[in-house]
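First the structure, in the form of structure tokens, and then the observations on it.
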Amino acid sequence: MVNEGDLLWTPSNAFRENSKLAGFMRWLAENKGLHFEHYDALWQWSVDNIEAFWEAAWQYFGLHSSTPYSQVLASSKMPGAKWFPGARLNYARNLLAAGSGEKTAIYAVGEQSAMREVSWRQLQTQVFKLATAMRDMGISPGDRVASYLPNIPETIVAFLATASIGAVWSSCSPDFGADSVLDRFAQIEPKLLFATDGYIYGGKTFDRRESARTLARELKSLRHLVYLPGPVADGEALTPQAKDWRELLSGPEISAADFEFEDTAFNHPLWIVYSSGTTGPPKPFVHGHGGVVLEGLKFGHLHLNLDADACLFFFTTTGWIMWNLLTYGLLCGASVLLVDGNPMAPEPDALWQHAADAGATLVGASPAFINQQMKLGIQPNQKFDLSRVSTMLVSGSPISPEQMQWCYENVQQDLWLVSTSGGTDIASGFVGGAPTLPVYAGEIQARCLAVDVHALDDAGEALIDEVGELVVRKPMPSMPLYFWGDTNHERYHDSYFDVYPGQWRHGDFLKVNLRGGCFILGRSDSTLNRHGIRIGTAEIYRVLDDLEEIADSIIVNLELPGSHSFMPLFVVMPEGRELTEEIQQVIKKSLRERYSPRHVPDRIIRMAAVPYTLTGKKLEVPLRKILMGAAPDKVASPDAMQNPESLELYVDYATNQKDYEV
């Protein structure tokens, strides 16, 4: 059995020296006279000299700007840092310059559709045509453009067309209900909406025509609706006024020389993405062209090792920041693989088939997906040709040592396994991978370059080998410019800067060990405070994920009057299994032996389901509030959940178990 901290992989000399990170270090030595023996020294320099780092990154990546910047950082105050004043650039221009010709830019496959390929030339042509049509509709820089499209090439075309003319992109996946979409789009008042008529998931077709028509009717700011026919297409437009996508792209060819990009200020809005919205109105994060270009190039090249020979695949929907981050692959000149539908359909190992067919070099997934594969006994390397896979990216929640070991045994023995943690908030990672470093079980390799992130105690002191709040002490270019509609920046300030003034508190627990390895231990606002000791929920789930007797679980801690607490563990059993006293003892013994008696729950309760957000996160905080008596509709938005009906199970439990035993 693998233990936390066990060495799992060491990069070969060839892998290390051929990495983009090593190339950057050589460039710094040759062009800046800066010599670093190892990653830690480079990271320390990057956070001590953030202006010098980002100027070096700008030069190394060769950003295209139509005007020069006057300085790197005009103000380092957070929130409100001012990066590269004077520069004018465009995300789409920099991205489309990264590839050319007939080389494949996008591979795309759906549950019921064969793999198709879009070349760089085709991508550029479609972007230029659509962008020109949008200009003809009167879409101008700063106008918001909303999307209700699935994870297909057309959605990337629509995004790049929007960005190329300086309009502001925002996306929701068609599996979002109309109310959930309105909660997001109504805040930003879009002028144009791209919409389809439905989507396929798990072999079923879901009709979204009425949802799209509701959006068209309720979004009072809307002036144009562009209809992309989908699986429900019946030959009729969504509305009488809807424009047909196919007609917009039927015009004459437009060359790169004839197309005029809208070069924008460095901090001009590029896209608006949203928090999960489970506990209130979704927060609309606004990210800028310049910050996303720089972070995308840094993260993609240096922390994911992407180049023109790579193919990036991370399963996602268009309603999650990972879709936006897929475009970082294109920005780095790599190809990307888009998969639309159920990741486990028509077979549980379908994603590996798609990865093999596209020749993916980097495969990304969530720990929850890996855990499902483990429990189903999937062995992808025994069935598929995964010889091109050199890297795996794992994100979305903490990964356990056992899940990491499974990747080495069942995907690739010589595998750079990148665990990362960041968020929608910054469109990047705080901690992540470094191709020059070894991989240890249960650890994230390092803090990302130019991210001055630490685990802080309540007094603001940095901790080593102890759990603290994840805090970033210096600004990052991709931090939100602001929250849309937050005119006084009060909501922005209160979300991140109210505890450690002038420093970003993310809301996660972090531990950094002596060698720089990082551990994310769950959300700090879902802390299990047991007799004065803070426990991350990730520790509990790590143990339970290893037990074949348990299919899923969620745990919370309730603070009760009289300084008492009650920590119930809710478990979902595999089909045909009962929660016996014997199984309960297995759970308790495992938690006690692998961690401590404080990790043992006060009660174990069988439930039919665990509540999840649409992006696959367990609703720990809303559940805690429900158990304390809050109404479900006050703490969670059903349209932001995968399974909103599951909350009724916990309401029933709370109603009938008020006399909690401690």
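Extension gain for Ala114 to Asp136 (0.36 nm times residue separation, less C-alpha to C-alpha distance): 4.5 nm. Average 1/r across all pairs of distinct alpha carbons in segment 168-321, invert it, and you get the Kirkwood radius: 18.0 Å. Computed about its Cα centre, the charge dipole of the chain is approximately 1020 debye, with only Lys, Arg, Asp and Glu carrying charge at their Cβ. Shown for the chain: the carbon plus sulfur share of the solvent-accessible area, taken with all protein chains present and a 1.4 angstrom probe, equals 46%.
Assuming a ≥ b ≥ c are the square roots of the Cα gyration tensor eigenvalues, decide whether the chain counts as rounded (a/c under 1.5), prolate (otherwise, with a/b larger than b/c) or oblate. Judged from the Cα gyration tensor, the chain comes out rounded (a/c under 1.5). Backbone N atoms of segment 83-105 closer than 19 Å to the 7 Å Cα→Cβ label point of Asp258 belong to residues 101. One decimal place: the segment Asn656-Lys375 gains 97.9 nm when fully extended, by the rule 0.36 nm per residue minus the C-alpha distance. Along its first, second and third principal axes, ordered by size, segment 550-662 spans 39, 39, 25 Å in Cα coordinates.
Full extension from Asp6 to Arg217: what is 0.36 nm times the residue separation minus their Cα-Cα distance, to one decimal in nm? Don't skip to the answer; put the middle values down first.
Values: separation 211, 0.36 × 211 = 75.96 nm, distance 5.70 nm.
Stretched fully, the Asp6-Arg217 segment lengthens by 70.3 nm.
For segment 70-222, the residue among Pro190, Gly166, Gly101 whose Cα projects farthest onto the positive side of the dipole built from Cβ charges is Gly166.
The figure for Ser100 is an accessible area of roughly 80 square angstrom, using a 1.4 Å probe on the protein chains alone.
Would you please report the Å³ per residue occupied by the convex hull of the alpha carbon atoms in segment 83-204?
Given the Cα convex hull of segment 83-204, per-residue volume reads 133 Å³.
With a 1.4 Å probe and all protein chains left in place, how much accessible area per residue does the chain have, in Å²?
Numbers: 25420 Å² over 662 residues.
That works out to 38 Å² for each residue.
Farthest toward the positive end of the dipole of the chain, out of Gly291, Gly536, Pro281, is the Cα of Gly291, where the dipole comes from beta carbon charges about the Cα centre. Only protein heavy atoms count here; on that basis, with a 1.4 Å probe, Cys407 has an accessible area of about 0 Å².
The values are calculated or read from the model by the stated rules, or taken from the named source; none is laboratory data. In this text the structure is predicted, and so the values were computed from the model without any measurement. For neighbour counting, all protein chains shown are included, and Cβ atoms are generated from backbone atoms with ideal geometry for every residue, glycine included. Side chains included, ligands, DNA and RNA excluded: accessible areas come from the protein's heavy atoms. Shrake-Rupley method; radii C 1.70, N 1.55, O 1.52, S 1.80 Å.
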